[in-house]
Amino acid sequence: MTYIANPDRYDAIPYRRCGRSGIQLPAISLGLWHHFGGTDVLENGRAILRRAFDRGVTHFDLANNYGPPYGAAEENFGILLKKDFARYRDELIISSKAGWDMWPGPYGMGGSRKYLIASCDQSLKRMGLDYVDIFYSHRPDFETPLEETMDALAQLVTQGKALYVGISSYGPDLTRRAAALLKARGVPLLIHQPSYSMLNRWVEGGLLPALEETGTGCIAFSPLAQGLLTDKYLGGIKEGTRAAEGRYFAKELITEENLACVRALNGIAQRRGQSLAQMAIAWVLRNPGVTSALIGARNVAQLDNALDATKNLAFSAAELAEIDQHAREGGIDLWREVSSFEG
């Protein structure tokens, strides 16, 4: 059956200006890191993408090694793009990234021109695209000159393979240097993708001011702290969760001290008429320096729950103070340094 998008989709979610660019992003964007790989059910991913677009989500975020296996998320997205979204291509912001390991050998990861250009070419082939809207340097590579990495990003724009470029997990000083290098090459730094949540606030210590200074947008990944800021772990580690499977989650975060913190935060969310996940997303979006919150979804119900966060984005001063109090009582260092991102 031919997919026809909801005609009222643009009334369903707020949009925010990305830095000093002409681009607006939905307040919540969908990342395809999990549940879109070769080991997942394609029709489930199809249902999630359709529902997201029907509710106004126009930005789909991928990377070369999303899966598993590596590349599978882009391949599956390409299949669904052709089946359902080809007619809507100009209404979509599609992003991909490269920086982490992708193929064996010395040219299969990092920030070299060879790796970034080859990765973008491969991503375009997997998705069946002529260009991506945003291409990121997925992480700093301190063994490659920053000038070379920014040269590669600028080259992708010049070649028409990417309309805009971004960086992810760069610290404040490195971000300023990257923005200056790109500007010298006639290419603006559109966006930065850092981790940010109630339990991980490192961006407030210097990155957000740097982004404002350089006119760069911010899309926050892991606003749910890898699922810790949901109802999954209120009673401890459950079977089938990331923590139980040991996938992309540090089990040592599940301490009684941290769980007490999360339960207290859940109580605040309930008083607000929200799930904990909804409040966590709304909390990230309370910051005017954040353009969009990047979420993942296991199924349509989980997606709907997250998107409903936009129904209540306002916080009282008392709520924010209480959230800060409980978050600080947890065993997580809210302001932990990311000095490794500065080299």
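The values are calculated or read from the model by the stated rules, or taken from the named source; none is laboratory data. Small disclaimer: the values here were computed from a predicted structure and weren't measured. Because the Cβ atoms are built from the backbone with ideal geometry, glycine has one as well, and the counts that use them run over all protein chains shown. To get the accessible areas, we keep the full protein, side chains included, count just its heavy atoms, and leave off ligands, DNA and RNA. Shrake-Rupley method; radii C 1.70, N 1.55, O 1.52, S 1.80 Å.
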Working only within the stretch 48-66, note down all residues that are open to solvent by 10 Å² or more (accessible area, probe 1.4 Å) and farther than 22 Å from Tyr10 by Cα.
Asn65, Tyr66
Within the stretch 82-118, which residues are among the charged types (D, E, K, R) and either assigned to a helix (DSSP H, G or I) or within 30 Å of Tyr3 (Cβ to Cβ) (or both)?
Lys82, Lys83, Asp84, Arg87, Arg89, Asp90, Glu91, Lys97, Arg113, Lys114
Residues of the stretch 75-98 being buried (at least 17 other Cβ atoms within 10 Å of the Cβ) and aromatic (Phe, Trp, Tyr), in sequence order, are Phe77, Phe85
In the stretch 99-109, what residues are under 22 Å from the mean Cα position of the chain (by Cα) and surrounded by fewer than 24 Cβ atoms within 10 Å (Cβ to Cβ)?
Trp100, Asp101, Met102, Met109
Pairing a residue in the stretch 253-264 that is under 12 Å from Asp231 (Cα atoms) with any residue that is surrounded by 19 or more Cβ atoms within 10 Å (Cβ to Cβ) and among the aromatic types (Phe, Trp, Tyr), where Cβ atoms lie under 7 Å and the two sit 6 or more apart in sequence or on different chains, gives Leu259/Tyr233; Val262/Tyr233
How many residues of the stretch 295-307 are open to solvent by 40 Å² or more (accessible area, probe 1.4 Å) and either farther than 12 Å from Leu30 by Cβ or in contact (Cβ under 8 Å) with a residue 12 or more places away in the chain (or both)? The answer is 6
Picking from Asp130, Asp121, which residue would you name as being out of contact with any Pro (no Cβ under 8 Å at 6 or more places or on another chain), open to solvent by 10 Å² or more (accessible area, probe 1.4 Å) and not in a loop (DSSP other than H, G, I, E, B)?
Asp121
For the stretch 265-294, enumerate the residues that are touching a residue at least 40 places away in the same chain (Cβ under 8 Å) and either at positive phi or not in a helix (DSSP H, G or I) (or both).
Arg272, Ser275, Asn287, Gly289, Val290, Thr291, Ser292, Ala293, Leu294
Residues of the stretch 295-314 satisfying the condition of being of a type outside the set (Gly, Ala, Ser) and either within 14 Å of Leu49 (Cα to Cα) or part of a loop (DSSP other than H, G, I, E, B) (or both):
Ile295, Arg298, Asn299, Val300, Gln302, Leu303, Asp304, Leu307, Asn312, Leu313
By residue number, the members of the stretch 26-47 that are farther than 21 Å from Gln122 by Cα and open to solvent by less than 10 Å² (accessible area, probe 1.4 Å) are Pro26, Ala27, Ile28, Ser29, Leu30, Gly45
From the list Arg20, Arg9, pick out the single residue that is open to solvent by less than 30 Å² (accessible area, probe 1.4 Å), over 19 Å from the mean Cα position of the chain (by Cα) and not acidic (Asp, Glu).
Arg9
Note on the stretch 230-258: residues part of a loop (DSSP other than H, G, I, E, B) and either of a type in the set (D, E, K, R) or modelled with pLDDT of 95 or more (or both) are Asp231, Lys232, Lys238, Glu239, Arg247
